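Following: one structure in structure tokens, then a few remarks.
What follows draws every value from the coordinates through simple rules; no lab data is involved. Every value quoted in this text rests on a predicted model; they were computed, and no experiment measured them. Neighbour counts are summed over all protein chains in view; Cβ atoms, including those assigned to glycine, are modelled from backbone coordinates with ideal geometry.
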Amino acid sequence: MPDLLKAFTVIFLINAYPISAFGQAVDSTQIVQTKDTLKSVIADTLFMINGDKITGNILSYEEGRMRIDAQSAGVINVKYQKIFSVSGGSRLFHVKDSKGTSYIGYITSSQDTGEIILSGQQVSELRFKDIASFRPIKNLTDTIPPVTEKAQKPTGEETPDTIYLKNRERYTGSILSMEQGRIKFDAQGSGVINIKWHKILTITGGNRLYKVEDQHGEIYVGRIEASKDTGEIIIKGDHTYTLTLEDIAHLYPLEDKWYRGFKGTLGGGFNYTKSSDVLNINFDYNIHYVKEKWLFINNLSYIETSTDEDDGTVRLSVDLAALYSLPGRWVLLGINSYNRNDELGIKSRISFGAGGGYNIILTERQRLLALTGIIQNTERNIESDVSHSNFELPLTLNHTVYSFIRPDLTSTTEIAYYEGLTEGNRYRVDISTDITWAILKWMDLKLSFYYDFDNKDVEGKESQEDYGTVLSLLVDLK
């Protein structure tokens, strides 16, 4: 395997390092929390063994780690061995011990190291090492207006969406999408903003329909209503479902007007090196369209390199793919594509194919999709006008990961291997990695690496491999 191929493999493995997903479905048992019992929300506090205190908002406790949105440090993880005790503020918590027993109540600190006191229908003392998980299940929701039946009925005029934050702020506008643990929101007055799920109390979705996909691959279609429980939404369609935000992998509005369903980015760039007199021009766009269980994707990438000594080379790739969600994490795939690569001697390659795949990883922070099937190609080489057809078996891994830390980065890596079925001993490898940085609300900076390898000997072919880097500015298409 060429050295550069090894390097891209290392990049993918680093990119695919698993990120733990926190959270657990709330038990149906709840204790009613009224305005009389709580006048204001009191912050949670971790009392550390070394005498320090961490104040903020407990998100969850699982696998021996406390996840808390600290007032000074943001979201952090604390091992239970470092915690003396915990005060759960004014919120109710759902606790499960290592034997599977559930408890609902308020958490107060204990005078014994490594213990908490849970006050509900009865008072219980629990040690951290005996606790499997706990998380808040209710918060003060006086600021959330009740969702009336009238608001949920379709009207001729679109009603705005509203996001309620845990700090009592709210944003009104239009939800664009929810992916990789953040909601993309076109807020009235503020423009397009990204809000991380752990800062959200709940959401009302106006009178539009939404497609929601959870981390188990289940699809829900309906209108979104506010929940009285922290970090949850209610989806009303043919049936009513309650989902926690941390369990949602993707959320898209289903637009009434078809042309408003197109989302994506458009960008390009150029680079000129005087010492070698090399001019590089690139242009690309990425567009997707969501329709209930269908996801349509159209990508284009154009790279032209030229010098005074030759006419230059062109690398062009246009893909049109359709993914249909099946029960669980399975998908069906149909793909059409057009490719040109002067460096590899390919004047044109038109491909049609179908197959399927499985989301190996599907969380709020990352997605790893494996695909395979069969592809029929019609190829024409640079030195010949004769076209010939062949069939290939593709094996593809596509991995996307989003970083919660600043700056907001999204990384996508795709490794595709093609084994020739009708051309003996032929194989191809295409690898690409894109790192996108959201520098402005409406503009991203994208750094791309690509590597293509084809072992077929073609007349006029410069090399068996083609690789390079591209820097682009992308404009967001709402």
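Observations, loosely collected:
- Relative contact order %, the range 149-256, counting alpha carbon pairs below 8 Å whose residues are six or more apart: 25
- Overall Cα dimensions of the range 159-308 - principal axes, largest extent first, Å: 67, 34, 29
- Here Lys53 is the anchor, and the aspartates and glutamates within straight C-alpha reach of less than 17 Å, apart from those fewer than 8 places off in the same chain, are Asp44, Asp69, Asp112, Glu115.
- The HN-Hα couplings worked out from phi for the range 190-204 by the Karplus form 6.51 cos²θ - 1.76 cosθ + 1.60 (θ = phi - 60°) are 9, x, 6, 10, 10, 10, 6, 4, 6, 8, 9, 7, 6, 9, 10 Hz, whole numbers, x standing for Gly and Pro.
- Segment Ser387-His239, length gained on full extension (0.36 nm per residue, minus Cα span): 48.0 nm
- Dipole moment magnitude, nearest 20 debye, the range 149-256 about Cα centre, only Lys, Arg, Asp, Glu C-beta charged: 420
- FRET efficiency, Ser124 to Lys99 (Cβ-Cβ, R0 22 Å, nearest 0.05): 0.95
- Cα pair distances of the range 44-138 binned at 5 Å [whole percent]: 3, 15, 28, 30, 17, 6, 1, 0
- Dividing the mean sequence gap of close Cα pairs (under 8 Å, 6+ apart) by how many residues the range 166-206 holds gives a relative contact order of 32 percent.
- Whichever aspartates and glutamates have a C-alpha closer than 12 Å to that of Lys99, once near sequence neighbours (fewer than 8 apart) are set aside: Asp130
- From phi via Karplus (6.51, -1.76, 1.60), per-residue ³J(HN,Hα) for the range 107-112 in Hz, x at Gly/Pro: 9, 10, 6, 10, 7, 9
- Extending 7 Å from the Cα toward the beta-carbon at both Thr372 and Ser190 defines two label points whose distance is 4.6 nm.
- For Glu423, the residues 5 or more places off, or on other chains, whose built amide H falls under 5 Å of its own are Phe391.
- Rounded if a/c under 1.5, otherwise prolate or oblate - the range 261-477, Cα gyration tensor axes: oblate
- Rounded Å value of the spacing that divides the Cα centres of the range 219-282 and the range 399-450: 18
- The label-point distance for Leu279 and Arg168, in a model that sets each label 7 Å from Cα toward Cβ, rounds to 6.0 nm.
- In plain terms, the chain from Glu309 to Glu423 could stretch by 37.5 nm, reckoned as 0.36 nm per residue minus the Cα-Cα distance.
- Think of the range 335-388 as having a plus end and a minus end, set by charges on the Cβ of Lys, Arg, Asp and Glu; of Gln376, Thr363, Ser387, Thr363 sits farthest toward the positive end of this dipole.
- Checking the cross-link pairs Lys196/Lys263; Lys257/Lys291; Lys236/Lys441 against a 23 Å limit on the alpha carbon distance flags Lys236/Lys441 as lying beyond it.
- Using only side-chain charges placed at the Cβ, +1 for Lys and Arg and -1 for Asp and Glu, the dipole size of the range 285-416 relative to its Cα centre rounds to 980 debye.
- Sorting 214-225, 300-311, 66-77 by average packing, meaning the other beta carbons within 10 Å per residue, from highest down gives 214-225, 66-77, 300-311.
- Taking 0.36 nm per residue of sequence separation and removing the Cα-Cα distance, the Gln111/Lys293 pair yields an extension gain of 60.2 nm.
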